[in-house]
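Q: Provided herewith is a single structure, encoded as structure tokens, for subsequent inquiry.
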Amino acid sequence: MRTVRALLIDGLFSRRTWSRLLYLVIGMVIGLAATIVVVTGLATGFGLIILVVGLPLLWGTMYVNLLVARFDARLGRTLMDPAIPQPGSVPTLQQTSMLRSMWSFAISGRAWRALVWHVERAIVGTVVVSIVAAIPMAAYGLVVQSGWGVLYDAAVWVRLLAILAALSLIALIPYVVDGFSHLLVTSSRTLFGESTREQLAAETERTTTAEARVDLARDLHDSVGHSVTAAVLQASAARAKLATDPAFADQALAAIEDQGRAALEELDRVLATMRDEGAASRSTQDLRSIDELVATARTAGQPVTLTQSGDGGAVPTPISREGYRVLQEAITNAMRHAVGAPTTVSVAAETTRLAITVVNEHGEDVDPQRSSGGRGLAGIAERVRILGGTVTSGPTPDGGFRVHAELPYDGVNG
């Protein structure tokens, strides 16, 4: 019984049915009016295209056309289905090439798809209104005929069957409305949804943005982490020597100030890039900054021995930049987990690859109470993997730690 009621009665008296029907009726009016205005404007605009006023008229016509389509789609999301997409926005006119941008929009796909939408709305609305209006009339005719019309002398069961048929016709109204509503929703996705090219471009942009944010996070971790680690070690040394060696303490404090300033500059760069929502503006530090990196570690109390071979200037820029970050994090790792332990750094710029090795002897952790490890080694692995290289890391037999990375030049443009 409930199923019969749901099929014959509930849909007819539901708010959903009548809000959709209202949208279809309004669409008929909007579609007819918009189609007439746009077709008239286009005919006039193309007729006057050889004159100056023709192009602005075309642009204005398509501008109104798209604005009405956006309003209609917004109304559809309220009255019919939230899945109706929003048509594209009107592009801004370029001051330097205004006529070209007017023409580009007037013939653009988004503008003409909006016109197709208006035509379809007018046709669908007209059809639905005609069907919905005809159904009650046909039902009334059946009832009248079964009562005192041509079926007056028919058997009772024939009259009852005619009444039942009339009621069944009335019950079809929600299904007619739903069917055409579904047609419009599907069509709107085709007309206003992103094309395959637009989807690919949007996905590419999202991927690029995500990759840029990952790069920023790695840069922030490596650069700021190195500066903070060095500052912590320098502060510890300064406190130990403050009473007995004021000059050393003063030098350490100056180094802390430099490291703090460097960390702030890196933070400003990263935050500025994130606010712009664009691709990351990469740091300019590369292998040419190795001496400065090593000097910072030495100032922090880490005895670092540096060995370089090959022509570092011939290393492709991306390899040089990422190699510096790998080296920076490896040294930071030694400073954190082997405070004051002798550390050997080897950088070899070979013919086809860059080889980096950082080995520290056994030492104490700068913060033994730290509850969890950092992301340094994982960041090194990510950088090297992206460039198609290899990295190995692990303890040495004497209780120290070794990080070795090889970054090939293949497939990288300098």
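Q: Gln285's amide H: which non-local residues (gap 5+, or another chain) put their own amide H closer than 5 Å, with H modeled 1.01 Å from N in plane and none for Pro or chain starts?
A: Amide H neighbours of Gln285: none.
Q: All other residues with a Cβ under 13 Å from the Cβ of Pro82 taken together, and with Lys, Arg as +1 and Asp, Glu as -1, what is their net charge?
A: That works out to +4.
Q: With a 10 Å Cβ neighbour count serving as the proxy for reagent exposure, in which order, fewest first, do Thr244, Thr390 appear?
A: Thr244, Thr390
Q: Based on other C-beta atoms within 10 Å, arrange Ser14, Ser108 from fewest to most.
A: Ser14, Ser108
Q: How would you order 127-137, 330-340, 163-173 from highest to lowest mean count of nearby Cβ atoms within 10 Å?
A: Values: 127-137: 14.2, 330-340: 23.7, 163-173: 16.3.
Highest-to-lowest ranking by the protection proxy: 330-340, 163-173, 127-137.
Q: Assuming a ≥ b ≥ c are the square roots of the Cα gyration tensor eigenvalues, decide whether the range 305-346 counts as rounded (a/c under 1.5), prolate (otherwise, with a/b larger than b/c) or oblate.
A: Numbers: a/c = 5.88, a/b = 1.80, b/c = 3.27.
Oblate is the answer for the range 305-346, as a/c is 1.5 or above yet b/c matches or exceeds a/b.
Q: List the residues, sorted by chain then number, that are 5 or more residues from Glu350 or on another chain and whose placed amide H is less than 5 Å from its amide H.
A: Ala355
Q: Could you go through the range 114-125 in sequence order and give the Karplus-derived ³J(HN,Hα) for each residue, using 6.51 cos²θ - 1.76 cosθ + 1.60 with θ = phi - 60°, rounded to whole Hz, and x for Gly and Pro?
A: These are the phi-based 3J(HN,Hα) values: 5, 5, 4, 4, 5, 4, 5, 4, 5, 5, 4, x Hz.
Q: I need the shape label for the range 5-125. Rule: rounded when a/c is under 1.5, else prolate if a/b > b/c, else oblate, with a, b, c from the alpha carbon gyration tensor.
A: Prolate, because a/c is 1.5 or more and a/b exceeds b/c.
Q: Going by how many other Cβ atoms sit within 10 Å of their own, how do Glu361, Glu329, Glu350 line up, fewest first? Before the final figure, lay out each step's value.
A: Values: Glu361 17, Glu329 27, Glu350 14.
Final ranking by Cβ density, sparse to dense: Glu350, Glu361, Glu329.
Q: Considering amide H positions built from the backbone, and no H for Pro or chain starts, which residues 5 or more places from Thr390, or on another chain, come under 5 Å of its amide H?
A: Residues meeting the amide H criterion: Glu406.
Q: Please turn the phi angles of the range 286-302 into ³J(HN,Hα) values with the Karplus equation 6.51 cos²θ - 1.76 cosθ + 1.60 (θ = phi - 60°), one per residue in order, whole Hz, x for glycine and proline.
A: Taking θ as phi minus 60°, the curve returns 8, 4, 5, 9, 4, 4, 5, 5, 5, 4, 4, 5, 5, 4, 6, x, 9 Hz for the range 286-302.
A short reminder: the numbers here are calculations on the coordinates, not readings from a lab. The model shown is predicted, which means the values in this text are computed figures rather than measured ones. Heads up, the Cβs are rebuilt from the backbone with ideal geometry, glycines too, and the neighbour counts pull from every protein chain shown.
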